[in-house]
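Please read the structure below before turning to the comments.
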């Protein structure tokens, strides 16, 4: 017979036999939320590589995959017809429309 102090018992929920639906939804949301990531510090070589790839993408209007930092996450987006809106914002056409990404948030760019 297993008691509360035995290995394998669930001590966190032992005092409460009932979980409200709101609590259950919040627990699931917490489990599915990825852990926050820090903004990466890019070296001069990485910045040069991003700049060169970005120049080629703008000239060829080809397909690219961008990785950028937003809301403590690394996000990836694919699209084409990349162009600069102003000196610090990139516009990319995706299947859902146009996305605008600040150049300061870019982590990586891959030409496809």
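The values are calculated or read from the model by the stated rules, or taken from the named source; none is laboratory data. The model shown is predicted, which means the values in this text are computed figures rather than measured ones. No Cβ is skipped: glycine too gets one built from the backbone with ideal geometry, and neighbour counts run over all protein chains shown.
Things to note:
- Among the residues of the range 58-74, those that are farther than 11 Å from residue 111 by Cα and either surrounded by 14 or more Cβ atoms within 10 Å (Cβ to Cβ) or at pLDDT 95 or above (or both) comprise 67, 68, 69, 74.
- Tally, over the range 71-107, of residues that are touching a strand residue (DSSP E or B) at 6+ places or on another chain (Cβ under 8 Å) and assigned to a strand (DSSP E or B): 25
- Residues of the range 68-89 classified as in contact (Cβ under 8 Å) with a residue 24 or more places away in the chain and over 8 Å from the mean Cα position of the chain (by Cα), total: 5
- Residues that are surrounded by 11 or more Cβ atoms within 10 Å (Cβ to Cβ) and more than 21 Å from the chain's Cα centre (by Cα), drawn from the range 31-48: 48
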